[in-house]
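One structure below.
The values are calculated or read from the model by the stated rules, or taken from the named source; none is laboratory data. What you see is a predicted model; the values in this text were computed from it and never measured. Counting neighbours? That spans all protein chains shown, and the Cβs are built from the backbone with ideal geometry, glycine included.
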Amino acid sequence: MSDNKSRLQKFYEQKVAAKLIEDLGLKNKMAVPKLTKVTLNVGLKQGLKDPKFVDAAERTLTRISGQ
């Protein structure tokens, strides 16, 4: 079965969740908080004056999200 998890999800499960279990003293791995949604937001008011700003913002968000 192929693993369709994103890089961020794998990192969270392998590193962050393990650290949370240790730091919070959790005994059950199901008690670890889970990421359900990641939202990126950017203001584009400057894009009204400079159309290149919208393209730059899109490229930046693409690099951040990896999509």
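The single condition among (1) free of Cβ contacts under 8 Å to residues at least 12 places away in the same chain; (2) in contact with a Phe, Trp or Tyr (Cβ under 7 Å, 6 or more places away or on another chain) that residue 26 does not meet is (2). Going through (1) exposed (fewer than 12 other Cβ atoms within 10 Å of the Cβ); (2) outside the structural domain of residue 66 (by TED's automatic domain parsing) one by one, residue 9 falls short only on (1). Considering only residues that are among the aliphatic types (A, V, I, L, M) and over 30 Å from residue 57 (Cα atoms), which ones fall in the stretch 1-41? Selection gives 1, 17, 18, 20, 21, 24, 26, 30, 31, 32.
Suppose the filter is within 13 Å of the chain's Cα centre (by Cα) and not hydroxyl-bearing (Ser, Thr, Tyr); does residue 25 pass it? So residue 25 does not fit the description; no.
Scanning the stretch 51-67 for residues that are more than 25 Å from the chain's Cα centre (by Cα) and modelled with pLDDT of 85 or more yields one hit, 52.
Output the residue which, of all residues in the stretch 15-67 that are part of a helix (DSSP H, G or I) and among the basic types (Lys, Arg), is surrounded by the fewest Cβ atoms within 10 Å (Cβ to Cβ). For the stretch 15-67, the residue satisfying everything is 45.
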